[in-house]
Amino acid sequence: MKNSHYFANVALGAALIGTGITDAFAAEPTIRELAKERGRFIGTILNSEWFNDAIEPEFEEIHKTQFNVVVAENEMKFDATEPVENEFNFVKGDKMVKYAQENKIRVRGHALAWHSQVAGWVSSNYSGQKEKLLAVLKNHIEKVVGHYKGQVAEWDVVNEAINDDYNAGWRSNGSVWYEGIGAEFLDSAFVWAHKADPKAELCYNDYSLEWGLREGSKASFVVEQVKRWKANGIPITCVGTQTHIEIAHETTPQNVRALAKALAELGVTLNITELDIGFPKGEAGKLTAADYAKQGHLYRQFMDVFLEEPNMGEFVIWGLTDAHSWLDEQQGKTEALLYDRQYKPKPAYDSVMASLMAHPATDVVSPYDSKLFIDPQDSTETDSTIAIKAVASPASLSMRVSGRTLFIAGANSAKVEVFDMQGRPVFSGKSEKGSVELKGIAEGIYMVRVRDGSSSLVKRKNIYGKNRVASPSRGSFFHIKKRPSRFSEGTLERNY
Ligand code: G3I
């Protein structure tokens, strides 16, 4: 687990260096900026309409602005990538990978071995033929994972292989793989995927894992299988809980927390991979502000769990806008996502943002290598100084804080700006005779920038009351500023 302070510094560094302070703070932060600061990935699918260039322009604009992980709704499944035996079609997957690379977005691959959306030729030619089916699945995984090696960060290697009726068993009917090979197809799929791309994260993905750890439940069965896989050296690194739920399913966030804790003991990451929180379809058009606030509250709880559990890495919602959701077409549910049919953010979006702001980067542990969150233009420095490219060297400038007074050496009168750890301006002033009082700022950790003509210097500083001394044993003090904001749940102010 990496030091999460790092993410705050690097991300803010990127914001300060990449776009200049004023730009970086002009707009409200985005979900992806806050996710990056916290060493996490938050995202959503690219609907099939995107692949067919049949979706509104707002879709992609919002997707690449707000999210830092992506997955294809259908275009990397078996029937799409190998529609004809041993003839592979990567055109649409390549289109997604290109989009993701251009926009610095992580790619999930979904899904290699699944009982659904398997190309028809598999069953018609090889149903029940174990050796042939093993050869077909091995070839499929080697070719698909091999093609995307180094481009797809994580695969749903096996999807939905556990049966539905809570008697803790594998899905034994309707699966060409299980019926023809037996449960060993799962172990083999992970081994083949790892061999094809040793650096890729490898997940077991399923639905109804949010119904709790108890005798005979899918979640308990998954934990048992992960234990067995880990003991046998099967290279699984993550579990995906799809989490397709309804507004009434209020116990599910805490069940996801319990599953995360159980998997943390096995050294395995838990990702939320397909979240949607739908209303019964008949309620479309009749929903009230209270309904949408309730949906937001449930999204908030999932995001709280996600940010608070150190072995959770990705939070993926199965759709961006209510205008394009599988739920309406196939599930009799509706209005499940963060953006409405006109691409306007709903209270659920504000609740996700409120949760992110209530969990500052200094508080969130990341299960990933911090290198994943460094953009080329990010500062490579990891200490608390984030040097801004200045025309003249700032070597002549230095600063120190004592209580509420900022002392500046190397400049008699300089412009002073202070930003909170989310990069928002909280103070602006001018030093006279080498010092300035930092008035009206709550105690906490801030980024302080001093500019004197063409020289500029930024340092992270703890700003306390008159005689306050940092208490290293209790970690750092920080505040999230209460600020007028449209985020329905507001932001919190809290001392640590
Ligand atoms: O592409 C064909 C199109 O040519 C044809 O005209 C049309 C007519 O029916 O069908 C189109 O294919 C549809 C495909 O989505 C692409 O839009 C399939 O019928 C339809 O069944 C398929 O539904 C997908 C579903 O998986 C299939 O199981 C949904 O879009 C997709 O959101 C959903 O996603 C799954 C995850 O992969 C696994 N977890 C559950 C989740 C929801 O079911």
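Can you give me the number of residues within the range 329-364 that are assigned to a loop (DSSP other than H, G, I, E, B), touching a helix residue (DSSP H, G or I) at 6+ places or on another chain (Cβ under 9 Å) and of a type in the set (Lys, Arg)?
Number satisfying all stated conditions: 1.
Considering only the range 195-217, I want to know if a residue exists there that is farther than 22 Å from residue 152 by Cβ, touching a Leu at 6+ places or on another chain (Cβ under 7 Å) and more than 16 Å from the ligand (Cβ to nearest atom).
Yes, there is a match, as at least one residue in the range 195-217 is farther than 22 Å from residue 152 by Cβ, touching a Leu at 6+ places or on another chain (Cβ under 7 Å) and more than 16 Å from the ligand (Cβ to nearest atom).
Could you check how many residues of the range 90-109 are without any contact (Cβ under 8 Å) to a residue 60 or more places away in the chain, open to solvent by less than 70 Å² (accessible area, probe 1.4 Å) and either touching a Ser or Thr at 6+ places or on another chain (Cβ under 9 Å) or away from the ligand (no atom under 16 Å from the Cβ) (or both)?
Total satisfying the criteria: 7.
Looking only at the range 198-220, how many residues end up being under 23 Å from the mean Cα position of the chain (by Cα) and crowded, with 21+ Cβ neighbours inside 10 Å? Quick ask: steps written out before the conclusion?
Within the range 198-220, the first condition is being under 23 Å from the mean Cα position of the chain (by Cα), and the residues that meet it are 198-212, 219.
Now narrow it down to the ones that are crowded, with 21+ Cβ neighbours inside 10 Å: 200-206, 209-210, 219.
Final tally of qualifying residues: 10.
Could you look through the range 185-243, keep only residues that are free of Cβ contacts under 8 Å to residues at least 40 places away in the same chain and among the hydrophobic types (A, V, I, L, M, F, W, C), and pick out the one that is nearest to residue 161 (Cα to Cα)?
239
List every residue pair whose Cβ atoms sit under 8 Å apart, with the two residues 6 or more apart in sequence or on different chains, where the first one lies in the range 38-60 and is farther than 16 Å from residue 108 by Cα and in a loop (DSSP other than H, G, I, E, B) and the second, anywhere, is within 11 Å of the ligand (Cβ to nearest atom) and open to solvent by 10 Å² or more (accessible area, probe 1.4 Å).
Partner pairs satisfying both residue conditions: 55/49; 55/324.
Here is a yes/no grid of residues against (1) within 15 Å of the ligand (Cβ to nearest atom); (2) charged (D, E, K, R); (3) farther than 20 Å from residue 34 by Cβ; (4) open to solvent by less than 50 Å² (accessible area, probe 1.4 Å):
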residue: 240; (1), (2), (3), (4): yes, no, yes, yes
residue: 288; (1), (2), (3), (4): no, no, yes, no
residue: 317; (1), (2), (3), (4): yes, no, no, yes
residue: 328; (1), (2), (3), (4): yes, yes, yes, yes
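Name the residues in the range 56-73 that are away from the ligand (no atom under 12 Å from the Cβ) and crowded, with 19+ Cβ neighbours inside 10 Å, would you? Before you say what the answer is, go through the steps one by one.
Our first condition is that a residue be away from the ligand (no atom under 12 Å from the Cβ); within the range 56-73, this holds for 56-70.
Across the range 56-73, the qualifying residues are 59, 62, 63, 66, 67, 68, 69, 70.
Any chance you could count how many residues in the range 242-273 are of a type outside the set (S, T, N, Q), touching a strand residue (DSSP E or B) at 6+ places or on another chain (Cβ under 6 Å) and either outside the structural domain of residue 310 (by TED's automatic domain parsing) or open to solvent by 10 Å² or more (accessible area, probe 1.4 Å) (or both)?
Total meeting the criteria: 3.
Is there any pair with a first residue in the range 110-129 that is more than 23 Å from residue 203 (Cα to Cα) and more than 13 Å from the ligand (Cβ to nearest atom) and a second that is open to solvent by 60 Å² or more (accessible area, probe 1.4 Å) and not aromatic (Phe, Trp, Tyr) whose Cβ atoms are under 6 Å apart and which are 6 or more apart or on different chains, and what are they?
If the second residue must be open to solvent by 60 Å² or more (accessible area, probe 1.4 Å) and not aromatic (Phe, Trp, Tyr), the pairs left are 121/85; 126/132.
What single numbered condition from (1) more than 16 Å from the ligand (Cβ to nearest atom); (2) free of Cβ contacts under 8 Å to residues at least 12 places away in the same chain fails to hold for residue 141?
Answer for residue 141: the failing condition is (2).
Mind listing whichever residues of the range 330-367 are among the polar types (S, T, N, Q) and open to solvent by 40 Å² or more (accessible area, probe 1.4 Å)? Walk me through how you get there before you give the answer.
At the first step, the residues of the range 330-367 found to be among the polar types (S, T, N, Q) are 330-331, 334, 342, 351, 355, 362, 366.
If the condition is that a residue be among the polar types (S, T, N, Q) and open to solvent by 40 Å² or more (accessible area, probe 1.4 Å), then 330, 331, 342 are the ones that fit.
Need the failing condition index for residue 236 against (1) β-branched (Val, Ile, Thr); (2) more than 18 Å from residue 310 (Cβ to Cβ); (3) open to solvent by 10 Å² or more (accessible area, probe 1.4 Å), just the number.
Every listed condition holds for residue 236 apart from (3).
The values are calculated or read from the model by the stated rules, or taken from the named source; none is laboratory data. Bear in mind that the values here come from a model prediction, so they are computed numbers and not experimental data. Please note: Cβ atoms are built from the backbone with ideal geometry, for glycine as well, and neighbour counts cover all protein chains shown. Areas reflect the complete protein model, heavy atoms only, side chains present, ligands, DNA and RNA absent. Shrake-Rupley method; radii C 1.70, N 1.55, O 1.52, S 1.80 Å.
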